[in-house]
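What follows is one structure encoded as structure tokens, with my remarks underneath.
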Amino acid sequence: MFKFELLKTAKDSKARLGKITTNHGEIETPIFMPVGTRATVKTMTPDELKEIGSQIILSNTYHLFLRPGTEIIEKAGGLHKFMNWDKPILTDSGGFQVFSLSDNRKITEEGVHFRSHIDGSKMFISPEKSIDIQNILGSDIIMAFDECAPYPVSHEYIDNSMRRTLRWAERCKVHHKNTDNQTLFGIIQGGMYKDLREISAREMVDMDFKGYSIGGLSVGEPIDLMNDILDFTTDFMPESKPRYLMGVGSPDYLFEAVERGVDMADCVLPTRIARNGTVLTHNGKIAIKNALYKEDFSALDKECDCYTCRNFSKAYIRHLFNVDEILGMRLATIHNLYFLLDMMKNIRESIRGDYFLEYKDDFYKKYGYK
Ligand SMILES: CNc1nc2c(CCNCc3ccccc3)c3nc(N)[nH]c(=O)c3cc2[nH]1
Ligand SMILES: [Zn+2]
């Protein structure tokens, strides 16, 4: 089953409070979704993810199709059983990963021919194949197969790419059978061109998907351009359905997205930067390997009550990174994920209490954004 309830919309912005219900549980929105590309949120156990408040995780068609392959996951009884995660899972359709990971790929009307980034073998993914793979994975929310166009690129390129993505979306909808256990989202493209964004949004809305992703953003464009395209696009999206902005995850991007009516977002950033010792704090990012923290026995963030901040000091975590101990990456990941998940919880509270913009302002001042 799939249900989205719009609980409240802010008076002074497009920020909204919602709740998604799936077979594997509820998701309060706005939500940040940790990315678990190869059936794991790197260095985290499922229990640790629940402990820090993660309600849903992402995994990936492209990666899992290559390794371990769908037959193993099918034999395991699907991705939930395979990775022992009993809450909701959202999978991306693989299109974005093909373009960002494999070279000499060839896009045709039928689908995308590419070489595996693992062993260079010839591969092919079509809209139908992407739906079949996601069906075997058994994720609760699945994505239509799309092309995320590069940036910057011509209006003509985006026009052709966006219209092909519309035809692919139609094929995904026709091919998608397992509708009560899996919910298919359409992905709106159109690059940085408002006329093409409007066409894509209107045509996708006419196809009546259960939810919509905003794709083609967070591809290197300036944040102001992203915000402008995002603000324009959400106005064409139905209020009664979830809006998922793909690939967005640093604090300012999340605040700006929520303010423009986004309900869901994902990003590899917090887990990726944690593994090289960059830690998010209420006073901005810190590089924990810096000698500055050699004898600093305070917590990473004095306002954080995560497991890492309650039990370890900067000096200890700096030591772990300096001697390349795996625990360092784990403790920094726990903290960065908790930081963003807790920030989203505070954002939900601020929408509920009608002080979202004030909360955003306070956060930006302390973080050092403005
Ligand atoms: C970072 N910026 C960015 N990411 C984008 C993604 C991938 C979002 N992350 C999904 C994921 C799921 C599991 C594991 C790893 C990643 C997109 N995905 C699709 N399908 N279409 C997009 O337009 C698109 C645009 C993006 N921009
Ligand atoms: Zn912490």
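For this structure, a couple of remarks:
- Looking across segment 268-285 at every residue that is more than 22 Å from Y359 (Cα to Cα) and surrounded by 18 or more Cβ atoms within 10 Å (Cβ to Cβ), the one that is farthest from ligand 1 (Cβ to nearest atom) is identified as G277.
- For segment 81-128, the strands (runs of 3 or more DSSP E) that sit wholly inside it and include 1 or more residues that are closer than 20 Å to N160 by Cα are 112-115, 122-125.
- No other residue among R348, R318, R243 is out of contact with any His (no Cβ under 6 Å at 6 or more places or on another chain) and in the same structural domain as P150 (by the TED database) apart from R243.
- Pick from segment 303-330, criterion more than 9 Å from ligand 2 (Cβ to nearest atom), assigned to a helix (DSSP H, G or I) and hydrophobic (A, V, I, L, M, F, W, C), ranking: farthest from the chain's Cα centre (by Cα): A315
- Test: L64 is farther than 30 Å from R310 by Cα, surrounded by 14 or more Cβ atoms within 10 Å (Cβ to Cβ), in contact (Cβ under 8 Å) with a residue 60 or more places away in the chain and within 20 Å of the chain's Cα centre (by Cα): yes
- Selection status of R202, under 18 Å from V112 (Cβ atoms) and away from ligand 1 (no atom under 13 Å from the Cβ): no
- For L79, the conditions (1) free of Cβ contacts under 8 Å to residues at least 24 places away in the same chain; (2) within 16 Å of ligand 1 (Cβ to nearest atom) are fulfilled apart from (1).
- Pair list, Cβ < 6 Å and 6+ apart or interchain, from segment 322-345 residues that are within 11 Å of Y307 (Cα to Cα) to residues that are within 11 Å of ligand 2 (Cβ to nearest atom) and of a type in the set (S, T, Y): L331/T308; I334/Y307; I334/T308; H335/T308
The values are calculated or read from the model by the stated rules, or taken from the named source; none is laboratory data. Note that the structure is a prediction, hence the values are computed from the model and not measured. Virtual Cβ from ideal backbone geometry, glycine too; neighbours counted across all protein chains shown.
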